[in-house]
Amino acid sequence: MRLATLDDAAALLAIYNAEVTGHVTTFDLVPRTLAEQRQWIAQRSGAFSAIVATIDGAVVGFASLSPYKERPAYSTTVENSVYVSRAHSRTGIGSTLMSHLIEIARESGFHAIVARIEASGTASRGLHASCGFELVGVERQVGRKFNRWLDVAIMQLML
């Protein structure tokens, strides 16, 4: 585990765009460009820095915390994102990234982490549950991708 750098942009882009174009893990519909991915990394700092997991120097997953909402009363709550290359799924990388994110959130003084997961994403829901997140609600048909309506499961971890 380490902080993401601009040199990781292409690797993060490959992982993320595979989810954009082939899966409902993200509700983005258009793949990011390399410039957009570099900008995303450059905008991450402090508790909101992106972290990467590597194997033999190759990036195989990444994660970050983001502000939950803009209004000041939400400032102690964050939202998490975790992406692992499909070639390395179910190898413990997601759990390792989540453990680091949770520790970063605690050390940064946050009170809660919220995860918004496409509701049929059993692997992601299972990962979050194994890290102590609880299902607190489901938003019905709030997204549309690949010509179908998608629900979002809301999971939360109190720190």
| message | With the requirement that a residue be of a type in the set (K, R) and outside any strand (DSSP E or B), what does the range 71-118 give you? | response | R71, R86, R90, R106
| message | Step by step: first the residues of the range 122-147, then only those that are in a loop (DSSP other than H, G, I, E, B) and surrounded by fewer than 19 Cβ atoms within 10 Å (Cβ to Cβ), then the one that is farthest from the chain's Cα centre (by Cα). Which residue is that? | response | N147
| remark: When every residue in the range 86-121 that is among the small types (G, A, S) and free of Cβ contacts under 8 Å to residues at least 40 places away in the same chain is compared, the one surrounded by the most Cβ atoms within 10 Å (Cβ to Cβ) is G94
| query | Residues in the range 43-59: is at least one buried (at least 16 other Cβ atoms within 10 Å of the Cβ) and more than 23 Å from G94 (Cβ to Cβ)? | reply | no
| said: Condition check: on the phi < 0 side of the Ramachandran plot, of a type in the set (A, V, I, L, M, F, W, C), without any contact (Cβ under 8 Å) to a residue 12 or more places away in the chain and loosely packed, with under 14 Cβ neighbours inside 10 Å. Does A73 satisfy that? | reply: yes
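Each row is one residue, and each column tells you yes or no for (1) assigned to a helix (DSSP H, G or I); (2) closer than 18 Å to S64 by Cα.
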site: L13; (1), (2): yes, yes
site: T21; (1), (2): yes, no
site: F27; (1), (2): no, yes
site: Q37; (1), (2): yes, yes
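Only the coordinates and a few stated rules stand behind these numbers; no lab work does. From a predicted model like this one, the values you see are computed outputs, not experimental measurements. Here Cβ is always computed from backbone atoms with ideal geometry, including for glycine, and neighbour counts include all displayed protein chains.
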